[in-house]
Amino acid sequence: MSAMAQERSLLEIGRSVMNEMAEFVGCPAEGITGVQQLDDGWMITVELLEMARVPETTDVLASYDVRVDGDGRIVDFQRGPRYLRAEVSAG
């Protein structure tokens, strides 16, 4: 991990990833739901609002796993499951 990454907090990296993913995908970021440290960086799970609906409980969200290098730059991402805001997962 470089000295630059040590200067940035995980919170700063998370905010940066949320903003970049929202811009890249074109959907507003709702929040971060997971962070996993990897040997060479982080895996950050970001929730994006893919389709706003009325009522809000029927909004369509998607979970994105974003791999970030040791300097906090996005390396790649994969969209995971899509779901309605009101859905509750069993696991």
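The values are calculated or read from the model by the stated rules, or taken from the named source; none is laboratory data. Only a predicted model underlies this, so the values are computations on that prediction, with no experimental measurement involved. Cβ: placed from backbone, ideal geometry, glycine included. Neighbour counts: every protein chain shown.
When you look at GLY72, is it on the phi > 0 side of the Ramachandran plot, in contact with a helix residue (DSSP H, G or I) (Cβ under 6 Å, 6 or more places away or on another chain) and not hydrophobic (A, V, I, L, M, F, W, C), yes or no? For GLY72, the condition - on the phi > 0 side of the Ramachandran plot, in contact with a helix residue (DSSP H, G or I) (Cβ under 6 Å, 6 or more places away or on another chain) and not hydrophobic (A, V, I, L, M, F, W, C) - is met. Checking each residue of segment 10-27 against the condition of being surrounded by fewer than 13 Cβ atoms within 10 Å (Cβ to Cβ), in contact with a Gly (Cβ under 7 Å, 6 or more places away or on another chain) and modelled with pLDDT under 95 gives no match. Take ASP59 and tell me if it is in contact (Cβ under 8 Å) with a residue 40 or more places away in the chain and of a type in the set (Asp, Glu). It is false that ASP59 is in contact (Cβ under 8 Å) with a residue 40 or more places away in the chain and of a type in the set (Asp, Glu). Go through (1) under 13 Å from the mean Cα position of the chain (by Cα); (2) among the hydroxyl-bearing types (Ser, Thr, Tyr); (3) modelled with pLDDT under 95 for SER2 and report which single condition fails. Every listed condition holds for SER2 apart from (1).
Against the list (1) out of contact with any Leu (no Cβ under 6 Å at 6 or more places or on another chain); (2) in a strand (DSSP E or B), the condition GLU30 fails is (1).
Residues that are of a type in the set (D, E, K, R), free of Cβ contacts under 8 Å to residues at least 40 places away in the same chain and farther than 15 Å from THR33 by Cα were ranked within segment 70-86; the one that is surrounded by the fewest Cβ atoms within 10 Å (Cβ to Cβ) is ASP76. Could you tell me whether MET43 is touching a strand residue (DSSP E or B) at 6+ places or on another chain (Cβ under 9 Å) and within 15 Å of LEU11 (Cα to Cα)? Here the answer is yes, as MET43 does meet what is asked. Within segment 37-56, restricting attention to residues that are charged (D, E, K, R) and touching a residue at least 24 places away in the same chain (Cβ under 8 Å), the residue that is surrounded by the most Cβ atoms within 10 Å (Cβ to Cβ) is GLU50.
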